[in-house]
Structures are given as structure tokens and as C-alpha cells.
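Q: Before we start, here is the structure in question, set down as C-alpha cells.
The values are calculated or read from the model by the stated rules, or taken from the named source; none is laboratory data. In this text, all values refer to a predicted model and were calculated from it rather than measured experimentally. Backbone-built Cβ (ideal geometry, glycine too); neighbour counts: all protein chains shown. The protein model used for the area step is the full one, side chains on, heavy atoms only, and it has no ligands, DNA or RNA in it. Shrake-Rupley method; radii C 1.70, N 1.55, O 1.52, S 1.80 Å.
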Amino acid sequence: MKKTVLWILAALAVAVLAFIIIAQWLDDSGCPPGELCADDNYVSLPDYNCLACDFKNYFIAKEANGTDCAPPCSLKGDIRVDLPSFQAALDYLVQNYSYDDHGIVIHHGLRREQGHFQYRPEIEFVGLKDKGNDEWEIMTLPNYRYSIDPDGKLVTPDPVDDWAAYKTHMHRKLNTTDNDHTPVVEGADVRFYLFRHNNRLEKLLNQNKTYAPTHLMISSIAEPTRHIENDPAKEDDDEMEGMRHHIALALCMEKGAPLIDGRNYPNQNYRMKALDVGSPCPYRCAVAELPAHGIPVRKNCNPTAPGCTISH
């Protein structure tokens with residue numbers, strides 16, 4: 001009898017240990033790390049660094065006549081938003097407007113500031129109406145579009161046309177074989193990027209409260225519209241086409257790096273992660289495509305490649 005009880009206790013101990021190991025391996029949707037699952041729309045540090053490096057490698061700012069900027073001209077692709085200011089606007093939207101979901105739209109913009117070009121978007125808070133098949137109609141609201149002031153606070157939009165400066169000065173390489181950068185194209189390139197609130201942005205905000213972040217970092221990243229796998233046996237043989245300026249969101253302090261690491265936290269898969277699932281649909285689309293999965297990073301992505309230094 002005693003032996004039977006001991007065997008039962010041993011079996012229970014093994015089961016509990018197995019459960020703990022599996023829980024550490026799976027995220028809160030039961031998704032193995034590195035696999036594409038329904039809730040895989042967060043980004044760990046290696047992937048984030050890779051995508052940020054791609055922005056540096058594929059996008060540059062040029063003068064209005066297409067010539068290179070004179071040194072020390074540079075393109076700064078990240079901007080910090082005061083978190084209390086952002087959270088207040090988001091909370092008011094969610095509490096006072098009933099929709100299938102809510103979202104934030106990051107409108108691309110660019111300004112020249114003290115010898116460099118600063119990515120300076122506008123932020124719009126919107127309602128989302130579910131059209132099915134990952135398509136969402138954007139419901140705009142009056143007075144819910146904001147500029148970002150020098151302190152990172154959301155303020156009434158000023159008369160500066162940041163998109164006009166963006167399309168004049170922002171240039172990109174279309175693919176891995178390009179030798180030069182060409183201007184972004186009105187109507188073809190992405191003019192905004194859209195993030196859903198439910199189970200995405202809300203998780204990013206809630207699961208990182210313990211770190212008491214002060215700002216939301218809007219980070220410029222670059223992703224292709226298509227990967228071309230020349231040889232499946234070679235991990236460094238991908239080509240990319242249609243590079244686009246996309247956005248990742250992360251929590252951060254007023255200064256320093258974003259709160260992102262490469263660890264896996266059981267039941268908190270947005271903890272110390274960036275958020276990278278939005279809409280690559282250009283601004284003329286009647287409905288926005290919001291993919292269920294995070295956009296996969298190319299397998300030959302190398303965040304330590306020469307010539308790319310991540311700084312915030």
C-alpha cells in the first residue's frame with residue numbers, strides 16, 4: 001500500500017514538473033516560441049534589433065533635389081511619446097466609444113531638426129468595425145488626431161505637413177539588389193500603420209506596468225512585402241522585395257533602450273517585448289488588413305551585421 005502511494009506521489013510530481021516545463025516553453029496562447037500562432041504578434045530583442053537594422057540599411061533621408069545630406073545629417077527613426085498623455089487619450093476612447101475594437105493609427109511624418117531628419121508621426125485614435133477575414137473598417141472620430149510635442153506629449157496637430165516632408169526626403173532601397181535609394185511613392189508606399197487594441201496593445205501596456213515605464217517608443221523598422229527563398233538549405237539565401245517602413249511599439253523610460261529582451265515569460269508573452277502587428281495596407285484602403293500573425297522575420301536576419309548600430 002505504501003509503495004502504491006509513493007508511486008502515485010512520484011507520478012504526480014513528474015506531472016507537475018512537466019507542466020511547469022511546458023508552461024515555460026509555451027506562451028499564453030499555447031504557442032511554442034518561434035512558431036507562428038494566432039497570438040504571435042510580439043517581438044523579442046533579436047528580431048527587433050534585426051528589423052531596426054533593416055530600417056537603417058534600407059532607408060535614408062536625402063535633400064529635396066535627391067542629393068545626399070551633408071554630414072552630419074542623419075535619419076532618426078525612433079520617437080518617444082509621454083505614456084500618461086498617450087494612456088489618457090486611449091482610455092477615454094475605449095471607455096466612451098463602443099466599437100468591435102479600437103486602434104491607434106501612426107501617420108508617417110518627417111521633420112528636419114538641427115542638422116538631422118527626425119521621424120515625427122501623428123497619432124490618431126480610432127474605432128474599428130470588424131468586416132471579417134482580418135479586415136477592419138476604420139471609424140475616424142473628430143479631434144482624435146494628435147501631434148507629438150518636444151516633450152513627447154500629445155497635442156493638437158500643428159499646421160506643419162509632416163507627410164509632405166516625409167515623401168520629399170524619405171528614400172528607400174526596394175530590394176537587396178538595389179545600389180541606390182529611390183523616393184517613397186505617394187499612393188504606393190505605406191502612409192500609416194494601424195495597431196489593434198484588444199489583446200495586443202492592451203497586453204503590451206498591462207504586462208509591462210511592473211517596470212513603471214514613462215514613455216511609449218515608436219520605432220521605425222523595415223519589412224519586405226515578399227521573401228524570396230533561393231535555396232531552402234541555406235539560411236542566408238533569402239532575398240527581399242518591396243521594403244516598407246513599418247512600426248514597432250515598445251515601452252521605455254525617458255532615456256535609454258526600450259524594455260525588450262529575449263526571454264520567454266509564462267502567460268505574459270508581451271512582457272519585455274515589442275508589438276509588431278499592424279496594417280501594411282496603404283492609406284487609400286477602405287478597410288485595413290490586420291494579420292492574425294506577426295510578420296515573420298527573415299531567417300537570415302542578422303542584427304550584428306557590420307554597419308548597423310542600434311541606438312535610441
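Q: Per Stokes-Einstein, at 37 °C and 0.692 mPa s, what whole-number D in µm² s⁻¹ belongs to region 157-219, with the Kirkwood radius over Cα pairs as the hydrodynamic radius? Don't skip to the answer; put the middle values down first.
A: Values: Rh = 15.3 Å.
D, rounded to a whole number, is 214 µm²/s.
Q: Additional query: Considering only protein heavy atoms, what is the solvent-accessible area of Ile60 at a probe of 1.4 Å, reported in Å² to the nearest 10?
A: Here the accessible area works out near 50 Å².
Q: Over 25 Å between Cα atoms, which of Lys131/Lys209; Lys167/Lys203; Lys76/Lys153 qualify? Let's see the in-between values first.
A: On the way: Lys131/Lys209 32 Å; Lys167/Lys203 33 Å; Lys76/Lys153 18 Å.
Flagged as over cut-off: Lys131/Lys209; Lys167/Lys203.
Q: Counting Lys and Arg as +1 and Asp and Glu as -1, what is the net charge of the other residues whose Cβ lies under 9 Å from the Cβ of Met217? Provide the component values of the computation, followed by the final result.
A: Details: positive: Arg80; negative: Asp78.
Summing Lys and Arg as +1 and Asp and Glu as -1 gives 0.
Q: Viscosity 0.890 mPa s, temperature 25 °C: Stokes-Einstein D of region 43-195 from its Kirkwood Cα radius, in µm² per second?
A: Answer, rounded: 142 µm²/s.
Q: Can you tell me which of 150-163, 252-265, 270-283 comes out highest on packing, and rank the rest after it, using the mean Cβ neighbours within 10 Å? Before the final figure, lay out each step's value.
A: Numbers: 150-163: 13.3, 252-265: 15.6, 270-283: 22.9.
Averaged packing, sorted descending, gives the order 270-283, 252-265, 150-163.
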